[in-house]
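What follows is a single structure, written as structure tokens, with notes after it.
The values are calculated or read from the model by the stated rules, or taken from the named source; none is laboratory data. Quick caveat: nothing in here was measured; it's all calculated off a predicted structure. Cβ coordinates were reconstructed from backbone atoms using ideal geometry, including for glycine residues, and neighbour counts include every protein chain displayed. In case anyone asks, the SASA skips ligands and DNA or RNA and just uses the protein heavy atoms, side chains included. Shrake-Rupley method; radii C 1.70, N 1.55, O 1.52, S 1.80 Å.
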Amino acid sequence: MKKRGIGMASIFYGTGYGNGFPDVSSAVVEIHDDGSATVLTGAADCGQGSNTVLAQIAAEELGIPIEKITLISADTDCTPDAGTTAATRQTYTSGNAVKLAAAKAKKILLDFAAGVLAVNTIDGLDIKDGYVYVKTFPKKRISVAELASHARFKGNRLIGEASFTTHSTMVDPETGQGAPYYPYAFATQIAEVEVDTETGKVDVIRVVAAHDVGRAINKIAVEGQIQGGVAQGVGWALTEEVELKNGQIQNPSFTEYLIPTALDMPEVTPVIVETYEETGPYGAKGVGEPAMLPTMPAILNAIYNAVGVRITELPATPEKILKALKEKEQKNA
């Protein structure tokens, strides 16, 4: 007999290293005389999409198309340190560093533009679509390329360098007070499962995953992060287990160590909740580990809802579920 159940789980997750540990990221941005810009960042893109997001942040701040951004990342020969790609930190920490560096380069450009466009202060100027223009008279404008070329001719390099440090403090061991992380990510996921009471096999039918991401810089990338996190969460809940014997791993390959395949994936509905994080770059914060964390408890709660047994040791294999069902039957006999 197959029974269905629904389970829910909610989490909060602190961004970055936390507990007062120095969490710093640096970046360099230079505007060139062809109107393009180069971003140097030590942030390593492991497939999560930070290269795209950081280029978007630079393009937005500089007011030039993203096609004109060249991003060089994770090159220890020329890029400044951006810390590890871990702890859901790169969009927030490196994103802020890139935004600050781009803002410095932009200010140098606008200072030069103020003289060319004959305005008293740079407050009357802005950049959009590759042009610096006078806010009160948008037709009075000059291209970033032309300005940068003039600046370079006069010996000026339009370079901005910046670092950003997250604002966390150590927790006082006596009072328990402090700010160990900042900011926090929040998420709720709901899982629907089908449990075969004869075999103990669990199929995850669908997962609805709602995540507070501050502001989604790149919605497609955020949805991909959520979907990938759910896939990892399914493996965490149902199949993945490192088997050790005398200190040696007994299942060292993906033949024995089972991870979900495309055929095991449920229907995933990502729900992006935008709350705007005031300290983040354009309101953004991370969605790395938070994408995975609620999946496992939601699945285990759904199993309980379906067949009335609590699995307290991961993964929830068919053998463990059958054993729990048998113990439940004997207890109720």
When every residue in the stretch 123-140 that is in a strand (DSSP E or B) and in contact with a helix residue (DSSP H, G or I) (Cβ under 8 Å, 6 or more places away or on another chain) is compared, the one most open to solvent (accessible area, probe 1.4 Å) is TYR131
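Rundown of residues vs (1) closer than 20 Å to ALA262 by Cα; (2) open to solvent by less than 70 Å² (accessible area, probe 1.4 Å); (3) out of contact with any Leu (no Cβ under 9 Å at 6 or more places or on another chain); (4) at pLDDT 95 or above, yes/no style:
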| position | (1), (2), (3), (4) |
| --- | --- |
| THR188 | no, yes, yes, yes |
| GLU192 | yes, yes, yes, yes |
| ASP196 | no, yes, yes, yes |
| HIS211 | no, yes, yes, yes |
| ILE220 | yes, no, yes, yes |
| GLY224 | yes, yes, yes, yes |
| GLY229 | yes, yes, no, yes |
| THR239 | yes, yes, no, yes |
| ASN246 | no, no, yes, yes |
Which pairs do you get when a residue that is touching a residue at least 60 places away in the same chain (Cβ under 8 Å) and under 19 Å from PRO183 (Cβ atoms), found in the stretch 205-234, comes within reach of a residue that is of a type in the set (Phe, Trp, Tyr) and open to solvent by 20 Å² or more (accessible area, probe 1.4 Å), reach meaning Cβ atoms under 7 angstrom, with the pair 6+ apart or on two chains? ASP212/PHE186; GLY214/TYR276; ARG215/TYR276; ARG215/TYR282; ILE217/TYR282
Test for THR15: is it under 22 Å from the mean Cα position of the chain (by Cα), of a type in the set (Val, Ile, Thr) and open to solvent by 10 Å² or more (accessible area, probe 1.4 Å): no
Identify all residues within the stretch 147-173 that are buried (at least 18 other Cβ atoms within 10 Å of the Cβ) and either of a type in the set (Ser, Thr, Tyr) or within 19 Å of VAL119 (Cα to Cα) (or both); write none if there are none. LEU147, ALA148, ALA151, THR166, SER168
Selection from the stretch 19-75 of residues that are open to solvent by 30 Å² or more (accessible area, probe 1.4 Å), aliphatic (A, V, I, L, M) and free of Cβ contacts under 8 Å to residues at least 40 places away in the same chain: ILE66, LEU71, ILE72, ALA74
Among the residues of the stretch 269-276, is any assigned to a loop (DSSP other than H, G, I, E, B) and not hydroxyl-bearing (Ser, Thr, Tyr)? no
Top-ranked residue of the stretch 252-274 - restricted to ones that are touching a Lys or Arg at 6+ places or on another chain (Cβ under 8 Å) and surrounded by 13 or more Cβ atoms within 10 Å (Cβ to Cβ), ranked as farthest from PRO294 (Cα to Cα): GLU274
Which condition does TYR282 not pass, out of (1) surrounded by 15 or more Cβ atoms within 10 Å (Cβ to Cβ); (2) at positive phi; (3) out of contact with any helix residue (DSSP H, G or I) (no Cβ under 8 Å at 6 or more places or on another chain), if it passes all the others? (3)
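Quick one: in the stretch 237-268, of everything that is among the acidic types (Asp, Glu) and in a loop (DSSP other than H, G, I, E, B), which residue is nearest to VAL287 (Cα to Cα)? Explain how you work it out, then say what you get.
Going through the stretch 237-268, the residues among the acidic types (Asp, Glu) turn out to be 240-241, 243, 256, 264, 267.
From the residues that got through so far, the ones that are in a loop (DSSP other than H, G, I, E, B) too are 240-241, 243, 256.
Working: GLU240: 22, GLU241: 25, GLU243: 30, GLU256: 30 Å.
Ranking the candidates gives GLU240 first.
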